Amino acid sequence: MNFIKTARKTDDIDDDKLLQGYRESGDIALLARLYERYMHLIYGVCLKYLKDEELSKDAVMQIFEELLIKVTRYDIKQFKGWLYILSRNYCLMELRSAKKINQEPLDEFMELDANLHPDSENREQDLQAMERCKEKLPAAQKISVDMFYLEEKCYKEIADYTGYTMSEVKSYIQNGKRNLKICMEKNREH
């Protein structure tokens with residue numbers, strides 16, 4: 001904790017040290033300072049998904065409350081990226097629980113053009129096609145994609161469960177996502 005006492009202000013302390021300081025001391029002010037650095041980004045993520053300023057402001061506060069618990073449970077290598085995923089997942093869960101989920105999160109997941117999903121009538125067909133395409137993935141890609149996107153597991157949890165290395169998990173997810181996109185585009189052409 002000496003690094004905190006010697007710093008004049010917490011801006012002089014990098015993310016890892018603030019995170020470590022919070023984990024060691026439980027001092028919420030340290031985590032709050034770290035979170036404050038990225039609040040504008042979190043708000044942007046929330047606004048992108050929730051499309052409502054007030055809901056997004058509330059979500060920023062709720063995400064901080066989740067952060068208080070989750071930051072001690074996970075081995076966080078890069079706080080900013082991890083926080084982005086946490087924020088995105090929080091927003092998607094809010095949309096699901098409110099039964100307001102629309103086509104955009106699926107489009108972003110698949111990174112498909114909007115013209116590939118022209119109306120909600122095709123949504124069921126698209127989901128069925130995605131399931132068929134997912135079945136064609138190699139086993140390692142399929143389990144990694146399922147665990148990451150559907151079960152919302154982090155790389156470390158997937159690696160621990162499957163025995164794959166963290167870099168293998170990342171590769172399987174990226175390649176699986178790319179292969180799903182290719183397969184979905186081929187289905188659209190027919």
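The values are calculated or read from the model by the stated rules, or taken from the named source; none is laboratory data. On a predicted model such as this, the values are computed, not experimentally measured, just so you know. Note that each Cβ is placed from the backbone with ideal geometry, even for glycine, and that neighbours are counted across all protein chains shown.
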Within the range 135-160, the count of residues that are modelled with pLDDT of 85 or more, surrounded by 12 or more Cβ atoms within 10 Å (Cβ to Cβ) and farther than 18 Å from LYS77 by Cβ comes to 7
task: Please tell me if PRO118 is out of contact with any Asp or Glu (no Cβ under 9 Å at 6 or more places or on another chain), surrounded by fewer than 17 Cβ atoms within 10 Å (Cβ to Cβ), at pLDDT 80 or above and on the phi < 0 side of the Ramachandran plot.
output: no
Among the residues of the range 153-190, the number that are of a type in the set (D, E, K, R) and at positive phi is 0
Log entry, pairs with first residue in the range 160-171 being free of Cβ contacts under 8 Å to residues at least 40 places away in the same chain, second being among the aliphatic types (A, V, I, L, M), beta carbons closer than 6 Å, six or more apart or on different chains, reads MET166/ALA159; VAL169/ILE158; VAL169/ALA159
Screening SER56, SER87 for residues that are at pLDDT 85 or above, farther than 25 Å from TYR155 by Cα and either of a type in the set (Ser, Thr, Tyr) or assigned by TED's automatic domain parsing to the domain that holds LYS156 (or both) leaves only SER56
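In the range 163-183, which residues are surrounded by fewer than 16 Cβ atoms within 10 Å (Cβ to Cβ) and assigned to a helix (DSSP H, G or I)?
MET166, SER167, SER171, GLN174, ARG178, ILE182
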